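Nothing in this text is a laboratory measurement; each read-out follows from the coordinates by a stated rule. Quick caveat, the model's predicted, so the values are computed rather than measured. Every residue, glycine among them, receives a Cβ derived from its backbone with ideal geometry; neighbour counts consider all protein chains shown.
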Amino acid sequence: MSEAGDNVFGRGRRGRDGDGPRGRRDRAPRRDEGPTLDERVVNIARVDKVHKGGRNLSWRALVVVGDNQGHVGAAIGKAREIPDAIRKGSERARKDMITVKLVGGTIPHTVQTRVQTADVLLKPAVPGTGVIAGGPVRAVMEAAGVSDVLTKSLGSNNPVNIVWATIAALRSLRTVDAVAELRGLQVHEVGFRPRQTGE
């Protein structure tokens, strides 16, 4: 084949250094790749489905994802293999992240939320307290960037429901500025007294 043909089907197609547009496209970041996030696998459960033709085995992974700066999400991924279930859960959690209202390193006020049989209580804490929480609640709090908080799980110990209740509680948080704006008042008219160190 002529040298021109080599340029068309060889070097000319692959481009300089042997990687043309097709090679660059293969190395381009995937859509689900973004900023590095704190990913925590809270629970992995085996799921057996019995059908007429036999039994199908799959896995369910509960994944919590956050940026440690006031954004957190949680989701469940299901697949035949554990790594695939974790990956699916992580991708869904990234799409469903919420913004958490924080005051310093804690939450602005006490909140209690119930989801099905899970009942979660969250209370603000002074600096240095740390995250006082069990496994599922701790994963959500630390992924969201909460450094000081008191929590208590008052209902079921089902990790899935506990995580949903914790996410719902964080979603319901409001700052004093948001409450004042909602009521059409000045901040000092709301009657909110900031928590003092040592209380």
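In nm, to one decimal, how far is the modelled label at Ser156 from the one at Lys95, with both set 7 Å along Cα→Cβ?
It is 2.5 nm.
State the extension gain, in nm to one decimal, for the chain segment bounded by Val126 and Val47, taking 0.36 nm per residue of separation less the distance between their alpha-carbons.
Stretched out fully, the Val126 to Val47 stretch lengthens by 24.3 nm.
Given the range 35-186, report the % of alpha carbon pairs whose separation exceeds 28 Å. Please list the in-between numbers first.
Numbers: 2853 of 11476 pairs.
Tail of P(r) above 28 Å: 25 percent of Cα pairs.
Based on the Cβ-Cβ distance of Arg55 and Asp84, what FRET efficiency does E = 1/(1 + (r/R0)^6) give at R0 = 25 Å, to the nearest 0.05?
Numbers: r = 19 Å, r/R0 = 0.77.
Computed FRET efficiency for Arg55 and Asp84: 0.85.
State which entries of Lys49/Lys101; Lys49/Lys95; Lys52/Lys78 exceed 32 angstrom in Cα-Cα distance in the structure shown. Intermediate results must be reported in sequence, preceding the final value.
Values: Lys49/Lys101 41 Å; Lys49/Lys95 28 Å; Lys52/Lys78 21 Å.
Those over the limit are Lys49/Lys101.
Along Cα→Cβ, 7 Å out, is where each label goes; now give me the distance between the ones at Gln112 and Asn68 in nm to one decimal.
3.3
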